[in-house]
Amino acid sequence: MTRSATEFGRLLRSRRDRLSPADAGIAVTSVRRAPGLRREELAQLAALSVDYILRLEQGRAVNPSPQVIAALARALQLSRAERDELYRSAGQLPPQDGIISDHVPAGIQRLTARLGDIPIGVFTADWSLVWWNSMWSALHGDPALIPAAERNLALALFGTGLAHTSLRPMRSERGEDAFAASIVADLRDTVSRYPADARLDRLVRELRADSAAFDRFWNTAATAQHVVEQKTIGHPEVGDIRLDCDVLVVPGADLRMVTYTAAAATPDAGKLDLLRVTGGHPIGRRETAL
């Protein structure tokens, strides 16, 4: 067992013991022997297996990838300094300035968890989905079933992988191409702000090579700000549901919070209520994330 593996496991256990289930959006329905998160709860939040969490804490799993460390740091709601400490304890360099950050501040995570009545997803500057609540999963399907590297909105719109095939039918009141064009325009702006980000560069190069539509928007789309718009989502259980979609920019973090709401006492609000009860699954059956 290496010293770095032991230190990483110690940090992981101490941060898990510190985080309140309520702050992580987990309902406590029974008496708990410890105030923090259980291993299975951390595993669910980070989209990792319970066995892997156990082996990391015991120092038996060594050299966790940067993607795993980032997922654990988000799930544990670490500050930037604590996140960097976790990277260093694993023998990894923390994310550098000038690179798109996947860090979601603890306050944003608590806000997302406590606004559990509405679907909320948190995206990075390159439109990678890094945080979501249970209502987001109920509306769009569980992102944990998609590999972390594919949880990107541009890949969902223009790619050919699981993110694309899992995307539910969606229509925008602004027209068929308006939403897709706005995402490409936003990526163009992001490239100008993060010219050294290798992940972003690879994403854009691959989509321009593989998607004629993406390349066309890249060459023609003007800079566009996201505005409030109505979208109709084809849900397999409740049918078409028309919702107001808002994109809120998080100051200082370069994150986008995407929310979906419906006016009170409307049929669409009723469908959201049903999703809240069923989790988006047929009544009597609930899926389990991988």
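The values are calculated or read from the model by the stated rules, or taken from the named source; none is laboratory data. Owing to the predicted nature of the structure, the values given are computational and were not obtained by experimental measurement. Heads up, the Cβs are rebuilt from the backbone with ideal geometry, glycines too, and the neighbour counts pull from every protein chain shown. The protein model used for the area step is the full one, side chains on, heavy atoms only, and it has no ligands, DNA or RNA in it. Shrake-Rupley method; radii C 1.70, N 1.55, O 1.52, S 1.80 Å.
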Completion exercise
The ³J(HN,Hα) series, computed from each phi in region 260-272 with the Karplus coefficients 6.51, -1.76 and 1.60 at θ = phi - 60°, rounded to the nearest Hz and given as x for glycine or proline, is 10, 9, 9, 4, 4, 6, 10, x, 5, 4, x, 5, 4
Completion exercise
Note on region 58-162: contact order normalised by length, alpha-carbon pairs under 8 Å, 6 or more apart, percent, works out to 18 percent
Handout entry: Area of Asp117 that stays accessible when all protein chains are in place (1.4 Å probe, Å², to 10)
Key = 100 Å²
Fill in the blank from the handout: Here, Ser20 and Arg205, labelled 7 Å along Cα→Cβ, have an inter-label distance in nm of 4.7 nm
Handout entry: Options Pro282, Ile183, Gly59, ranked by Cα towards positive dipole end of the chain, top entry (Cβ charges)
Key = Gly59
Exercise for the section: Name the residue farthest towards the positive end of the dipole of the chain from the options Phe158, Trp127, Ala212, assuming +1 on Cβ of Lys and Arg, -1 on Cβ of Asp and Glu, about the Cα centre. Expected result: Trp127
Practice task
Over the chain, with every protein chain in place, what whole percent of the accessible area is carbon and sulfur at 1.4 Å, could you tell me?
Solution key: 53 percent
Completion exercise
In Å², rounded to a whole number, the accessible area per residue of region 91-229 with probe 1.4 Å is 48 Å²
Problem - Computed accessible area, Thr160, all protein chains, 1.4 angstrom probe, square angstrom - result: 130 Å²
Handout entry: Using θ = phi - 60° and Karplus 6.51 cos²θ - 1.76 cosθ + 1.60, couplings along region 35-51 (whole Hz; Gly, Pro as x)
Key = x, x, 7, 7, 4, 5, 6, 5, 4, 5, 5, 9, 6, 10, 7, 4, 4
Fill in the blank from the handout: Note, region 129-141: 3J(HN,Hα) by Karplus (6.51, -1.76, 1.60, θ = phi - 60°), whole Hz, Gly/Pro = x, goes 7, 10, 7, 7, 9, 5, 5, 4, 4, 5, 7, 9, x
Problem - For the chain, the longest site-free run once trypsin sites (Lys or Arg not before Pro) in DSSP loop states with at most 13 other Cβ atoms within 10 Å are removed - result: 61-284
Practice task
Can you send over the solvent-accessible area of His281, 1.4 Å probe, protein chains only, in Å² to the nearest 10?
Solution key: 40 Å²
Practice task
Report the extension gain between Arg193 and Ala269 in nm, rounded to one decimal, defined as 0.36 nm multiplied by the number of residues separating them, less their alpha carbon distance.
Solution key: 23.5 nm
